[in-house]
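The values are calculated or read from the model by the stated rules, or taken from the named source; none is laboratory data. Just so it is clear, the model here is predicted, and its values are computed rather than measured. Positions of Cβ are backbone-derived with ideal geometry, glycine not excepted, and every protein chain shown enters the neighbour counts.
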Amino acid sequence: MTSAPAGRRRGRRRRRCRPAAPGPVRLRDALDLLRLPRLRALALCAVLLGLTTVSDAFVYLLLQRRTGIGEQWFPLLPLGTAAVFLLLAVPAGALADRIGRRTVFLTGHALLLAGYGLLLWAPDWPALPYLVLALHGMFYAATDGVLPAAVAATVPGRLRATGLALVGTGQALARFCCSLAFGAAWTLWGTGPALAAAAAGLLLCAAAAGFVLRPAAPDDTLTLPDDTLPDLARRP
């Protein structure tokens, strides 16, 4: 009786050792991700900060009214934000990997708050439009990649895209609600009180986010490598 060739036996052995393919991702799996304490904290902070982040269109309208920019220049305002973002997104990501994602993420919102402060109280400097647009672009550079990186480090690899979509949807919905609320406040109170209320809310929400996203221990960054469990994704 002849035995099967060695190559055929090895092929059968590899097929037997191959792990079973994961099943399809269901909607219930996405909702179950909210049982993860750290992902729940990240989603909560994204929603809170989104509720106090004035939409870009309102920022540009406020800047135009504040500085008297001509209508022919108004379509170019988003280019200022985009240019600063393009210049600083990669350096901000590298800085977040070096000093911690939580620090860079909260600093980005502090820069946005500074931009609100300039729109509210700064004198009519010629450089005011450039300063506001620079702070606006720095805010996006410091936050757009950092939050997804923290979420990706928190959820299982099989559900990584689902976790990113879950947090992103909550943030987008919160910003949509902020746009509605800010538009209503602008109509009822005027631009100054509406922006002051948004700035006060952003300050409170940023302080709450800093508390919720605090590291578990002061020496976490020394005992755990950042690419394994980033400080923004550590469990409090």
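Check region 187-203 and report whether any residue there is farther than 21 Å from residue 117 by Cβ and either surrounded by fewer than 16 Cβ atoms within 10 Å (Cβ to Cβ) or at pLDDT below 95 (or both). Checked against the condition, which is being farther than 21 Å from residue 117 by Cβ and either surrounded by fewer than 16 Cβ atoms within 10 Å (Cβ to Cβ) or at pLDDT below 95 (or both), region 187-203 yields at least one hit.
Can you tell me which residue in region 113-127 is modelled with the lowest pLDDT, limited to those that are part of a helix (DSSP H, G or I) and aromatic (Phe, Trp, Tyr)? Among residues in region 113-127 that are part of a helix (DSSP H, G or I) and aromatic (Phe, Trp, Tyr), the one modelled with the lowest pLDDT is 121. You will find that of 41, 83, the residue that is of a type in the set (A, V, I, L, M), closer than 18 Å to residue 170 by Cβ and either assigned to a loop (DSSP other than H, G, I, E, B) or in contact (Cβ under 8 Å) with a residue 24 or more places away in the chain (or both) is 41 and no other.
Residues that are more than 15 Å from residue 32 (Cβ to Cβ), hydrophobic (A, V, I, L, M, F, W, C) and under 12 Å from the mean Cα position of the chain (by Cα) within region 153-183 comprise 164, 172, listed in sequence order.
Checked against (1) within 20 Å of residue 177 (Cβ to Cβ); (2) over 19 Å from the mean Cα position of the chain (by Cα), residue 74 passes all but condition (1). Could you go through region 104-112 and let me know if any residue there is among the aliphatic types (A, V, I, L, M), assigned to a loop (DSSP other than H, G, I, E, B) and at pLDDT 90 or above. No, region 104-112 contains no residue that is among the aliphatic types (A, V, I, L, M), assigned to a loop (DSSP other than H, G, I, E, B) and at pLDDT 90 or above. Of the residues making up region 70-84, those that are at pLDDT below 95 and either exposed (fewer than 13 other Cβ atoms within 10 Å of the Cβ) or among the basic types (Lys, Arg) (or both) number 6.
Quick check on region 31-69: of everything there that is among the hydrophobic types (A, V, I, L, M, F, W, C) and surrounded by fewer than 17 Cβ atoms within 10 Å (Cβ to Cβ), which residue is modelled with the lowest pLDDT? Let's see the steps before the verdict.
Filtering region 31-69 down to residues among the hydrophobic types (A, V, I, L, M, F, W, C) leaves 31, 33-34, 36, 39, 41-49, 51, 54, 57-59, 61-63, 69.
Next, from what is left, pick out any that are surrounded by fewer than 17 Cβ atoms within 10 Å (Cβ to Cβ): 31, 34, 57, 61, 69.
Values: 31: 76, 34: 81, 57: 94, 61: 95, 69: 91.
Out of the qualifying residues, it is 31.
One residue is enough: does region 148-160 have a residue meeting the conditions in a loop (DSSP other than H, G, I, E, B), touching a residue at least 40 places away in the same chain (Cβ under 8 Å) and of a type in the set (S, T, N, Q)? Checked against the condition, which is being in a loop (DSSP other than H, G, I, E, B), touching a residue at least 40 places away in the same chain (Cβ under 8 Å) and of a type in the set (S, T, N, Q), region 148-160 yields at least one hit.
Yes or no: region 165-172 includes at least one residue that is touching an Asp or Glu at 6+ places or on another chain (Cβ under 7 Å), at pLDDT below 90 and assigned to a helix (DSSP H, G or I).
Within region 165-172, the first condition is being touching an Asp or Glu at 6+ places or on another chain (Cβ under 7 Å), and the residues that meet it are none.
No, there is no match, as no residue in region 165-172 is touching an Asp or Glu at 6+ places or on another chain (Cβ under 7 Å), at pLDDT below 90 and assigned to a helix (DSSP H, G or I).
Checking each residue in region 95-122 for being under 20 Å from residue 215 (Cβ atoms) and not charged (D, E, K, R) picks out 95, 96, 99, 100, 103, 104, 105, 106, 107, 108, 109, 110.
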